[in-house]
Amino acid sequence: MSGLVDHSGIGPVYDGQSKVLLLGTMPSPKSREAGFYYAHPQNRFWPVLARLFDEALPVRTEERRAFALRHGIALWDVLESCRIEGASDASIRDGRANDLTVILGAVPVRAVFTTGTTAHRLYQKLCVHSTGIQDTPLPSTSPANARWNLDSLTKAYRVILPYLQPAQKE
């Protein structure tokens, strides 16, 4: 039986400089324990971003938060709560969406990206009608997504870079 899990203790990460919103599905047990996104030691999210920006890998929560904000990246999840077994996205039931207008109404996000097939599917089902913004799906950085190595993930995530550039003046 899967237990009800919510976002208690892990809020959205964004500020007035956020240009892209990266949405996972739901924090893993390790992320909930750490109180921050993509905290599982084998998750490749932070190594991918470090490679994208040619910077040292942020390790501590404060470093990761500062890294994301420094680069114009907002972080949150599609789901506010759901029933889930461990970290298995396939087991998700009774998903309830986060109110993404908290971020989208506050900052000029240029693009929304979902990290993984389940995040994309749930965004399409639960969020796109209220946000009016189509997401761009990215591969999951979870260790369970073994068919993607660090190089191929980094290449796939390069799609976010143009949205992080300064706006062109007309």
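Which one of these is at pLDDT below 90, farther than 23 Å from Ser152 by Cα and surrounded by fewer than 15 Cβ atoms within 10 Å (Cβ to Cβ): Gly35, Gly16?
Numbers: Gly16 fails: at pLDDT below 90.
Answer to the selection: Gly35.
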Legend entry - Selection count, the stretch 108-126, where residues are closer than 15 Å to Trp76 by Cβ, in a loop (DSSP other than H, G, I, E, B) and modelled with pLDDT under 95: 1
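How many residues are touching a strand residue (DSSP E or B) at 6+ places or on another chain (Cβ under 7 Å) and either open to solvent by 60 Å² or more (accessible area, probe 1.4 Å) or not aliphatic (A, V, I, L, M) (or both) if we restrict to the stretch 132-158? Please lay out each step first, then the result.
At the first step, the residues of the stretch 132-158 found to be touching a strand residue (DSSP E or B) at 6+ places or on another chain (Cβ under 7 Å) are 133, 135-138, 140-141, 156-157.
Filter once more, so that each one left must be either open to solvent by 60 Å² or more (accessible area, probe 1.4 Å) or not aliphatic (A, V, I, L, M) (or both): 135-137, 140-141, 157.
So the count comes out to 6.
Filter the stretch 127-138 down to the residues that are outside any helix (DSSP H, G or I) and without any contact (Cβ under 8 Å) to a residue 24 or more places away in the chain, then identify the one that is nearest to His40 (Cα to Cα).
Initial filter on the stretch 127-138 (outside any helix (DSSP H, G or I)): 127, 132-138.
The next check asks that each one be without any contact (Cβ under 8 Å) to a residue 24 or more places away in the chain; those that pass are 132, 134.
Values: Gly132: 32, Gln134: 28 Å.
The extreme case among them is Gln134.
Hey, can you tell me all the residues within the stretch 38-71 that are β-branched (Val, Ile, Thr) and either farther than 18 Å from Arg158 by Cβ or part of a loop (DSSP other than H, G, I, E, B) (or both)? Talk me through it step by step, then tell me what you get.
Pass one, the stretch 38-71, residues β-branched (Val, Ile, Thr): 48, 59, 61.
Residues satisfying the conditions are Val59, Thr61.
Using the structure shown, decide if Leu138 is aliphatic (A, V, I, L, M) and modelled with pLDDT under 95.
On the way: aliphatic (A, V, I, L, M): yes; modelled with pLDDT under 95: no.
Judged against the criteria, Leu138 is not a match.
Could you list, in sequence order, the residues of the stretch 109-120 that are at negative phi and buried (at least 20 other Cβ atoms within 10 Å of the Cβ)?
Filtering the stretch 109-120 down to residues at negative phi leaves 109-115, 117-120.
Those that are at negative phi and buried (at least 20 other Cβ atoms within 10 Å of the Cβ): Val109, Val112, Phe113, Thr114, Thr115, Thr118, Ala119, His120.
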Inset, instruction - Test Tyr123 against the stated conditions and say whether it is among the aromatic types (Phe, Trp, Tyr), buried (at least 16 other Cβ atoms within 10 Å of the Cβ), closer than 25 Å to Gly35 by Cα and touching a helix residue (DSSP H, G or I) at 6+ places or on another chain (Cβ under 6 Å). - result: no
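Answer yes if at least one residue in the stretch 47-55 is in contact with a Cys (Cβ under 9 Å, 6 or more places away or on another chain) and open to solvent by less than 10 Å² (accessible area, probe 1.4 Å), and no otherwise.
At the first step, the residues of the stretch 47-55 found to be in contact with a Cys (Cβ under 9 Å, 6 or more places away or on another chain) are none.
Within the stretch 47-55 (the criterion being in contact with a Cys (Cβ under 9 Å, 6 or more places away or on another chain) and open to solvent by less than 10 Å² (accessible area, probe 1.4 Å)), the answer is no, since none of the residues qualifies.
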Inset, instruction - Inspect the stretch 60-78 for any residue being at pLDDT below 95, closer than 26 Å to Gly9 by Cα and surrounded by 18 or more Cβ atoms within 10 Å (Cβ to Cβ) and give the result as yes or no. - result: yes
Inset, instruction - Kindly indicate whether Ser18 is within 14 Å of Ile103 (Cβ to Cβ) and not β-branched (Val, Ile, Thr). - result: yes
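The values are calculated or read from the model by the stated rules, or taken from the named source; none is laboratory data. Note that the structure is a prediction, hence the values are computed from the model and not measured. All Cβ positions, even for glycine, are placed from backbone atoms using ideal geometry, and neighbour counts span all protein chains on display. To get the accessible areas, we keep the full protein, side chains included, count just its heavy atoms, and leave off ligands, DNA and RNA. Shrake-Rupley method; radii C 1.70, N 1.55, O 1.52, S 1.80 Å.
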